[in-house]
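No value in this document is a laboratory result; all are computed from the given coordinates. Owing to the predicted nature of the structure, the values given are computational and were not obtained by experimental measurement. Don't worry about glycine lacking a Cβ; one is built from the backbone with ideal geometry, like all the others, and counts go over all protein chains shown.
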Amino acid sequence: MSVLNLFVSAREAFAEWRRRERAYAELMALDDHSLADIGIRRSQVRDLCDGFYAPARSATPVPVRGPEKFVSPRAV
């Protein structure tokens, strides 16, 4: 890896870090009611900004064409 590539990678990593910090600050500035309106809790903000948060999938089957046929939520 050349020195130029090292500087480019460092600049990109810093820009990405600043973007995440800005998003975190903006979301933390919202009140709890506003966060609830968009479907997140204050405790989830850091994980959302860092890209680690993934909502749990429902384990409940979704009925398709009558009660005898069920398809998993992923297939729908």
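Of the peptides 4-13, 44-53, the ranking by mean beta-carbon count within 10 Å, highest at the top, reads 44-53, 4-13. Take the Cα of ALA29, step 7 Å toward its Cβ, do the same at LEU4, and the gap between the two points is 3.8 nm.
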